[in-house]
Amino acid sequence: MNITIEKTAATARALCEVPGPSGRECAAFAAARALLAPLGEVTRTPLGSLLCCVNPGRAGAPHLLLEAHLDQIGFVATRVEEGFLRFAKVGGIDPRWLPATPVVIHAAGGDRPGIITSVPPHLAGDSDDHSIKIEDLLIDTGCRPETAETLFAPGDIVTFAARPVMLQNNRLAGPALDDRIGCAAVIAAAQEIAAEKPDCRVTVLLSSMEEIGGQGAMTGGFAVRPDYAIAVDVSFGDGFGCRAEQTAPLGGGPMLGLAPILDRTFTRWLQELAKAHEIPLQPEPMGGRTGTDADDLAAAGPGIKTALISIPLRSMHTVAETVDLADAANTARLMALAAKEGI
């Protein structure tokens, strides 16, 4: 199987280098389209999701959808104020991580640098409350007030300025790995499937707007109406100070979702397939909804038999999201095998 850590890393880095917050996924869409165009016709849904049939399959064979979300967390400017920008979150972001974080402001006239700032602790007064609220933060543009009024406007999208970095032991760190690492795994599987041409029909969906509600997955799943779907997202990886029962070790293998919304028979079949091919898996039991696009795919149209594979990720929704690339490669291998073995 031609799925390697090195190829997965290159794809993930290419996808993470471009911005694509919820509802503004255009640059990320273009990067993904360039990777998938050699495999099949790429189309864009009205809500900005990417669809590509990478294997037509045999008539009457099952139709498998491989899905990951293309969008990332970010910010939107709400007010230009004395050379600074006030902003709101796009997606779930903990304000404690934000002070002193470099950002890029995607203004109408082009991208401009900024940095998130707040009142220095020395000037914050004598209160014992040192919590950080989003309304207390601003983006310093470096501009004079009159210049800022001409360059920026409410509605401008803002993303983290950091770029992905390779760490030791095949670890990749940076922003947007939620869920560009899932997109990279789906693309790696799609490339393998397109080369092998199994009987199963296979379509790729890289969905928009997961971070603000999952609308891209629900409408994309409705448009395709497959027999089966595998959603790929990230889940909580281990890290300093994190409780073991709430996380999974990076490098321990993909996390297989076990939840009422997920199809039990399909999930158990994937579990046995992974065991037969010595692909490590970590169980991830959940009591109801999964909080991922899997929920929306399962309920799309007449309903889709859906499984969820999650890649352990450390420091979720920060500029320092970290994954083990072996987990992403193993996720891709399992999806490719699912198409080859026949559901």
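Quick one: would you say ALA195 is farther than 26 Å from GLY48 by Cα and among the aliphatic types (A, V, I, L, M)? The answer is yes for ALA195. So, of the residues in the range 92-115 that are touching a strand residue (DSSP E or B) at 6+ places or on another chain (Cβ under 7 Å) and closer than 15 Å to ARG24 by Cβ, which turns out to be surrounded by the fewest Cβ atoms within 10 Å (Cβ to Cβ)? Result: ASP111. Per the listing ALA9, ALA34, the residue uniquely surrounded by fewer than 17 Cβ atoms within 10 Å (Cβ to Cβ), assigned to a helix (DSSP H, G or I) and either at pLDDT 95 or above or not charged (D, E, K, R) (or both) is ALA34.
Being part of a loop (DSSP other than H, G, I, E, B), in contact (Cβ under 8 Å) with a residue 24 or more places away in the chain and among the aliphatic types (A, V, I, L, M): is that true of LEU39 here? So LEU39 fits the description; yes. When every residue of the range 148-158 is checked against the conditions, none turns out to be over 20 Å from ALA32 (Cα atoms), of a type in the set (S, T, N, Q) and assigned to a loop (DSSP other than H, G, I, E, B).
Listed here are the helices (runs of 4 or more DSSP H) enclosed by the range 245-343 that have at least 2 residues being in contact with a Ser or Thr (Cβ under 9 Å, 6 or more places away or on another chain) and closer than 21 Å to GLY91 by Cβ: 293-298.
Please verify whether ALA276 is of a type in the set (A, V, I, L, M), surrounded by fewer than 13 Cβ atoms within 10 Å (Cβ to Cβ) and more than 23 Å from MET316 (Cβ to Cβ), treating the condition exactly as stated. It is true that ALA276 is of a type in the set (A, V, I, L, M), surrounded by fewer than 13 Cβ atoms within 10 Å (Cβ to Cβ) and more than 23 Å from MET316 (Cβ to Cβ).
All of GLY20, GLY83 fail the test of being among the small types (Gly, Ala, Ser) and surrounded by 20 or more Cβ atoms within 10 Å (Cβ to Cβ), apart from GLY20.
The values are calculated or read from the model by the stated rules, or taken from the named source; none is laboratory data. None of these values were measured; they are calculated from a predicted model. Don't worry about glycine lacking a Cβ; one is built from the backbone with ideal geometry, like all the others, and counts go over all protein chains shown.
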